[in-house]
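Okay, so here's the structure we're looking at.
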Protein chains: 4
Amino acid sequence: MLKFVNDYCEGAHQEILNNLQKTNLEKITGYGLDVYSGSARNKIRAACGKPDAEVYFLVGGTQTNETVISSVLKQYQGVLAADTGHISTHEAGAIEHGGHKVLTLEQKNGKISAKSIWEYEDKFQSDLNNEHEVAPGMVYISQPTEYGTLYSLAELKEIRRACDEIGLVLYIDGARLGYALSCDENDASLKDIADIADVFTIGGTKCGAMLGEAVVFTKPGLVPHFYTITKIHGAMLAKGWIIGLSFDTLFTDDLYIKICRNANETAAKIREALFTNGYDIYIDSPTNQIFPVVTPEKAAELSENVEYGFMETLDDGRQVIRFCTSWATTMEDVDKLIEIL
Amino acid sequence: MLKFVNDYCEGAHQEILNNLQKTNLEKITGYGLDVYSGSARNKIRAACGKPDAEVYFLVGGTQTNETVISSVLKQYQGVLAADTGHISTHEAGAIEHGGHKVLTLEQKNGKISAKSIWEYEDKFQSDLNNEHEVAPGMVYISQPTEYGTLYSLAELKEIRRACDEIGLVLYIDGARLGYALSCDENDASLKDIADIADVFTIGGTKCGAMLGEAVVFTKPGLVPHFYTITKIHGAMLAKGWIIGLSFDTLFTDDLYIKICRNANETAAKIREALFTNGYDIYIDSPTNQIFPVVTPEKAAELSENVEYGFMETLDDGRQVIRFCTSWATTMEDVDKLIEIL
Amino acid sequence: MLKFVNDYCEGAHQEILNNLQKTNLEKITGYGLDVYSGSARNKIRAACGKPDAEVYFLVGGTQTNETVISSVLKQYQGVLAADTGHISTHEAGAIEHGGHKVLTLEQKNGKISAKSIWEYEDKFQSDLNNEHEVAPGMVYISQPTEYGTLYSLAELKEIRRACDEIGLVLYIDGARLGYALSCDENDASLKDIADIADVFTIGGTKCGAMLGEAVVFTKPGLVPHFYTITKIHGAMLAKGWIIGLSFDTLFTDDLYIKICRNANETAAKIREALFTNGYDIYIDSPTNQIFPVVTPEKAAELSENVEYGFMETLDDGRQVIRFCTSWATTMEDVDKLIEIL
Amino acid sequence: MLKFVNDYCEGAHQEILNNLQKTNLEKITGYGLDVYSGSARNKIRAACGKPDAEVYFLVGGTQTNETVISSVLKQYQGVLAADTGHISTHEAGAIEHGGHKVLTLEQKNGKISAKSIWEYEDKFQSDLNNEHEVAPGMVYISQPTEYGTLYSLAELKEIRRACDEIGLVLYIDGARLGYALSCDENDASLKDIADIADVFTIGGTKCGAMLGEAVVFTKPGLVPHFYTITKIHGAMLAKGWIIGLSFDTLFTDDLYIKICRNANETAAKIREALFTNGYDIYIDSPTNQIFPVVTPEKAAELSENVEYGFMETLDDGRQVIRFCTSWATTMEDVDKLIEIL
């Protein structure tokens, strides 16, 4: 059975496994206070062009989103996000469990715009009773989005401007950031992201690390005692160096970008084959997720040989499915998939 | 300045004030364990035809909604509600602060339907990964709705059936229940409400009480130790008898219905005058809230003499405003308003 | 049956009832934005000598404590309090439900000392792993305490100094503040309290108001949007003017102090009678609570004629009970009680 | 520098690393739904003698404690624990952040007794106002304790009996369970633990796993949808198989017990050397933690060559320090330590 179901079904890049093996019986300080985490933090700061950035290593995506959002927002604030945003749909209510409302904005191709942020703000401000409503306090976007699409640098700058003028914190969820940064169509570099976001993440779980996400506060001091806060929210790992060593390895010699490029290249080949074979595509996206639209019969037929993701059933009865590649997807598997398609 | 801005800008019905005066220096047991609260509970049970119902007196509307919802739902569940529902919009995120997501359904005239509940459920069930999403656990409706409209008995029964088949708790927010029960167009009696809801409220704050809401669990045992839970959530009053005595008075000789009828009658007269004078009405509703659509100029002109509520600006630039009457509105004020209109 | 069970079993001072009656059918703006609340705020600011103080009116004691503590503390902080403090024992876990640990200090006569705060801080700072512990962020004391005792001005100043040097917010719970301020043995005036506390409350529920507590932030800006936060926590009243009018009345012509003095005077007479009759007193306190120690037989005998509070059973089997007077206690009742004693 | 500072400063047992390497590029289903986790669950069920037990794999200790406690307790309940319990002291307030008070009991050698549970319960029940207090709902104990001591089977059975009679859930935190089970002085087997606890954990982080804890609900159905709840609380790992594979390996051929025995044996040798050299021991315990009492000078001297844990300063100025061994401690290191001592 071929598997294109998601991008976190392999372990870690071999270099990371090697390093874990090498350091396995060293006695390493816990909770991310070790030398490997320290080294990783410095490499990330350098890559971001932010020598003063605060960098933390957290356990996973949902933990990270919940912890960052809850630690930044005030009690009376909520977070603006696309209605297809990961925090809106697939985190089992973790954000609300943390006490905050997700204020959803209509998305287009998985993205929101500065305009939609302004519309929300204007409506909120025009309500004289808005002290009885949830005030927007933060904008959450993901790069790439849950639909594999990318914000252009110009779009990001516009969103930043809206945040500045309104007074919102901008948080960029980079759970798949490697697949954005290594994409030919992308024009927002890691340094751009670090310039634009108040806080953002560099995904490890889906991008070659054993596990974990790096959280980067681009201006120090936004959340005092974030370290302790990660513990309260379940996002801290006792053996923090497992994540630190993962990132230290990934941010050595550009490994992060190099290995992520593979996902985009394999996805591109699948996308091309879909076009060639006349498949409809739900949302065209340049990174490692592809969304063909197929009849239920075709979907059933495919599922005999390929494991893929199911997104939704359209009004015409056809189904949107997802093929997802990763840093570890082989061209051999891609060729087999194309044969099936 | 005339005031038709809301239905909680007067104190308490005179009978209640008299009773508060009469009992003022009695030494009364606190926290709702007094004889007046006991008597009120019995009268409410009798009026509902539910001798075993559990009845509690809570401080106010938002406190009540938050406490009931949080006490009934499991951690992994959310509450289905109209996107115009009070809990969706005007409780400053109290439901989310309590840990639960409000799962919004599209409304029509402020109401949701059994069909829309089923659609949500079907979509939820069709998602194979729904263990990573918020599960619906409760349906919240308000009677009358935030737009003054009423669910018919047939509609309520259909919603009940959906709740039974899916396994959802049905909660009816009756913050303005008196204005439903005293409305000629209403066909769902208090006994019907008590038969249909698992838990519902009988509004006091907006319906002649000094303050407070009665919460009725129609089947005992749904939430053990609800009493303590109200304290944790800020919904308990030390001098609980103030609310108890209010409800004891309101549920003596049908006072609740009698005084609420006034709001509907005064509203009807305003509505008629609006029709006669060619005003557009945003949503036609038979209870104590009226929603004319006016130009900004007209809105400004009116605001010189009348205080009213602002709802929203339509795409054509016109504004939806709200006139709200209460148990205490005088025909004299209504006549003055009509003159202005 | 005589009742000396607590100080919130009567309604409101007659002046307040009169004012509620007088304004009953005025149409008053909700949520504490009315003129009576505004006037009360100004009178409280003047009485405190703090023209810039922020003053809010909240529903009750537990709501107030939970809302203030939760709004002031950061996620990683807890609140230091006497192990007999109201928040430690009798709020059903509301503070923890709000997310914060109560860090208990040993009390003496219901009081904590600057020394005990420093000891906690020193121990916390000496722990190299204290980022994995709850950091103290606030000191909570009550004046008078739950045992009716008073902090002297000198003690309060010492606690303030500790808070300044450590960096802690000082919160004084004045649920019974009127009984402190009107006590002859008290040397800390309202202005002193306002100078010393960052935030404190002036109790209404137990001191003659219909209901409600005034929260005074002595330096503006400590908690932005506290207004909305009170709503989220269940501490806001729709008809806020009921509380505002209560305080407006109480802070006119020193009524608050005048009526509270009665509680101390009646308590003093009971205390004297207890001494005369050879009763042991558990904790000697000068305000409106008295704690005799009696045998179980005596307790049973008393309970035939008097309702009183039970505190605890001592190791020798004797019981600590509580007689509590209020602004409304009559000398007639006191004489009857003395006869029984 | 020798390191005896804790038992989670090494990576994973070599077998686990080998298995992670072997399966690294397999495409494995996420979130613990994989075959390795399934196999591990079955092996754990068999080892516990509980074929129906529900077994989950969570990220770490604090996450696990917070998730289990929060999912089992009702809103009005708290958890009884030793005042030295991990949840009382070293989880940064995570339990309270989850909404629940830790009700502390005095400990002796790190342990609580059935008697102390009964004393708490009796006092709680004797308070007529206990609806305004936190009700005990669960007992938390750790085996071995934070001081390395062990509950005997008889003690555990007595605690179980108290829980049954009072109606409390019994939760045993086995973060270091391997060090109990492999200890010669221990008489409570894994099957005993599974018979006695309603829910318990089998520690991985400190006992040879790469990371993670196994949670065992001994009677199915105690917490419906615990799976989703782990996600909400930050305790779920996307690549759940890392934990599953760890436990699958550890529960093959008794590896878990075999490797943990090493910690006890190395600790025994250190303990013997301490006795021989006349050191005082703070609490005598038979597992992998040893607590010598030393002068500050001695402590400083030791710290030049050994990294150890600091516990507390005694009244006489001496310090309690901790040496901690693990599954990976070598006799070579132990010999070096003994030489220094």
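The values are calculated or read from the model by the stated rules, or taken from the named source; none is laboratory data. Note that this is a predicted model, so its numbers are computed, not measured. Virtual Cβ from ideal backbone geometry, glycine too; neighbours counted across all protein chains shown.
Condition check for D:Cys9 on (1) more than 7 Å from chain A (Cβ to nearest Cβ); (2) under 17 Å from the mean Cα position of the chain (by Cα): one failure, at (1). Filter segment B:128-186 for residues that are within 14 Å of chain A (Cβ to nearest Cβ), in a loop (DSSP other than H, G, I, E, B) and touching a Phe, Trp or Tyr at 6+ places or on another chain (Cβ under 9 Å) and give the result. Within segment B:128-186, B:Leu128, B:Asn129, B:Glu133, B:Val134 meet the criteria. Among residues of segment B:18-34 being part of a helix (DSSP H, G or I) and in contact (Cβ under 8 Å) with a residue 60 or more places away in the chain, the one that is farthest from the other protein chains (Cβ to nearest Cβ) is B:Asn19. Evaluated against (1) more than 7 Å from chain C (Cβ to nearest Cβ); (2) modelled with pLDDT of 95 or more, B:Met1 falls short on exactly one condition, (2). Please verify whether B:Ala209 is touching a residue at least 60 places away in the same chain (Cβ under 8 Å), assigned by TED's automatic domain parsing to the domain that holds B:His100 and surrounded by 21 or more Cβ atoms within 10 Å (Cβ to Cβ), treating the condition exactly as stated. Answer is yes for this residue. In segment C:237-249, is there at least one residue being of a type in the set (Asp, Glu) and under 26 Å from C:Gly99 (Cα atoms)? The answer is no; no qualifying residue exists.
In segment A:81-100, is there at least one residue being without any contact (Cβ under 8 Å) to a residue 12 or more places away in the chain and either in contact with a Lys or Arg (Cβ under 8 Å, 6 or more places away or on another chain) or more than 11 Å from chain B (Cβ to nearest Cβ) (or both)? Yes; the residues of segment A:81-100 include at least one that is without any contact (Cβ under 8 Å) to a residue 12 or more places away in the chain and either in contact with a Lys or Arg (Cβ under 8 Å, 6 or more places away or on another chain) or more than 11 Å from chain B (Cβ to nearest Cβ) (or both).
Yes/no matrix, rows are residues, columns are (1) farther than 29 Å from D:Tyr227 by Cβ; (2) among the basic types (Lys, Arg):
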| residue | (1), (2) |
| --- | --- |
| B:Lys22 | yes, yes |
| B:Gly30 | yes, no |
| B:Ala46 | yes, no |
| B:Thr64 | yes, no |
| B:Leu73 | no, no |
| B:Lys101 | no, yes |
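The set of residues in segment B:84-108 that are over 21 Å from B:Phe310 (Cα atoms) and of a type in the set (Lys, Arg) contains only B:Lys101. Once segment A:50-74 is narrowed to residues that are part of a loop (DSSP other than H, G, I, E, B) and within 14 Å of chain D (Cβ to nearest Cβ), the residue that is surrounded by the most Cβ atoms within 10 Å (Cβ to Cβ) is A:Val59.
Checked against (1) at pLDDT below 95; (2) within 30 Å of B:Gln21 (Cβ to Cβ), B:Lys239 passes all but a single condition, namely (1). Among (1) touching a Ser or Thr at 6+ places or on another chain (Cβ under 8 Å); (2) in a helix (DSSP H, G or I); (3) crowded, with 20+ Cβ neighbours inside 10 Å, there is one condition A:Glu15 misses while meeting the rest; what is its number? The single condition A:Glu15 does not satisfy is (3).
Only one entry in D:Asn65, D:Asn6, D:Asn42 is without any contact (Cβ under 8 Å) to a residue 40 or more places away in the chain and either of a type outside the set (Ser, Thr, Tyr) or within 30 Å of D:Tyr120 (Cα to Cα) (or both), namely D:Asn42.
Taking the criterion of being outside any strand (DSSP E or B), in contact (Cβ under 8 Å) with a residue 60 or more places away in the chain and either small (Gly, Ala, Ser) or over 20 Å from A:Asp7 (Cβ atoms) (or both), the residues of segment A:306-333 that qualify are A:Ser326, A:Ala328.
Residues are listed down the side, and each one gets a yes or a no for (1) β-branched (Val, Ile, Thr); (2) over 22 Å from B:Asp164 (Cβ atoms); (3) assigned by TED's automatic domain parsing to the domain that holds B:Gly61:
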{"position": "B:His86", "(1), (2), (3)": "no, yes, yes"}
{"position": "B:Ala92", "(1), (2), (3)": "no, yes, yes"}
{"position": "B:Ile112", "(1), (2), (3)": "yes, no, yes"}
{"position": "B:Lys115", "(1), (2), (3)": "no, no, yes"}
{"position": "B:Glu119", "(1), (2), (3)": "no, no, yes"}
{"position": "B:Phe124", "(1), (2), (3)": "no, no, yes"}
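Looking across segment D:221-255 at every residue that is under 20 Å from A:Ile232 (Cα atoms) and touching a Gly at 6+ places or on another chain (Cβ under 7 Å), the one that is surrounded by the fewest Cβ atoms within 10 Å (Cβ to Cβ) is identified as D:Ala238.
I'd like the full set of residues that are among the acidic types (Asp, Glu) and either closer than 11 Å to B:Val139 by Cα or free of Cβ contacts under 8 Å to residues at least 60 places away in the same chain (or both), limited to segment B:153-194.
Pass one, segment B:153-194, residues among the acidic types (Asp, Glu): B:155, B:158, B:164-165, B:173, B:184-185, B:187, B:192.
Answer for segment B:153-194, where residues must be among the acidic types (Asp, Glu) and either closer than 11 Å to B:Val139 by Cα or free of Cβ contacts under 8 Å to residues at least 60 places away in the same chain (or both): B:Glu155, B:Glu158, B:Asp164, B:Glu165, B:Asp173, B:Asp187, B:Asp192.
Here's the yes/no breakdown for (1) touching a strand residue (DSSP E or B) at 6+ places or on another chain (Cβ under 8 Å); (2) at pLDDT 95 or above:
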position	(1), (2)
D:Ile259	no, yes
D:Ile270	yes, yes
D:Tyr279	yes, yes
D:Val306	yes, yes
D:Leu314	yes, no
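None of D:Phe275, D:Phe323, D:Phe226 is in the same structural domain as D:Gly32 (by TED's automatic domain parsing) and of a type in the set (Phe, Trp, Tyr) except D:Phe226.
For D:Gly244, the stated conditions hold: it is part of a helix (DSSP H, G or I), over 13 Å from the mean Cα position of the chain (by Cα), assigned by TED's automatic domain parsing to the domain that holds D:Ala94 and closer than 26 Å to D:Thr325 by Cα.
May I ask you to list the residues in segment A:98-130 that are surrounded by fewer than 21 Cβ atoms within 10 Å (Cβ to Cβ) and among the basic types (Lys, Arg)? A:Lys108, A:Lys115, A:Lys123, listed by residue number.
Looking at segment D:187-220, which of its residues are over 17 Å from D:Ala235 (Cβ atoms) and assigned to a loop (DSSP other than H, G, I, E, B)? D:Asp187, D:Ala188, D:Ser189, D:Ala197, D:Asp198, D:Cys207, D:Gly208, D:Thr218, D:Lys219, D:Pro220 - these are the residues of segment D:187-220 that are over 17 Å from D:Ala235 (Cβ atoms) and assigned to a loop (DSSP other than H, G, I, E, B). Yes or no: A:Ile229 within 14 Å of chain D (Cβ to nearest Cβ), at pLDDT 95 or above and farther than 30 Å from D:Ile28 by Cα? Yes, satisfied. Can you pull out the residues in segment C:105-127 that are more than 11 Å from chain D (Cβ to nearest Cβ), of a type in the set (S, T, N, Q) and assigned to a helix (DSSP H, G or I)? Within segment C:105-127, C:Ser116, C:Gln125 meet the criteria. Number of residues in segment B:33-50 that are out of contact with any helix residue (DSSP H, G or I) (no Cβ under 6 Å at 6 or more places or on another chain) and more than 22 Å from B:Ala194 (Cα to Cα): the value is 2. Residues in segment C:265-282: is at least one more than 21 Å from C:Leu2 (Cα to Cα) and crowded, with 19+ Cβ neighbours inside 10 Å? Taking every residue of segment C:265-282 in turn, at least one turns out to be more than 21 Å from C:Leu2 (Cα to Cα) and crowded, with 19+ Cβ neighbours inside 10 Å.
Of the residues C:Lys336, C:Lys258, C:Lys269, which is part of a helix (DSSP H, G or I), within 14 Å of chain B (Cβ to nearest Cβ), at negative phi and touching a residue at least 40 places away in the same chain (Cβ under 8 Å)? Quick ask: steps written out before the conclusion?
On the way: C:Lys258 fails: within 14 Å of chain B (Cβ to nearest Cβ); C:Lys269 fails: within 14 Å of chain B (Cβ to nearest Cβ).
None of the others qualify; the one that does is C:Lys336.
Among the residues of segment A:159-168, just one is closer than 28 Å to A:Asp184 by Cβ and surrounded by fewer than 17 Cβ atoms within 10 Å (Cβ to Cβ), namely A:Arg161.
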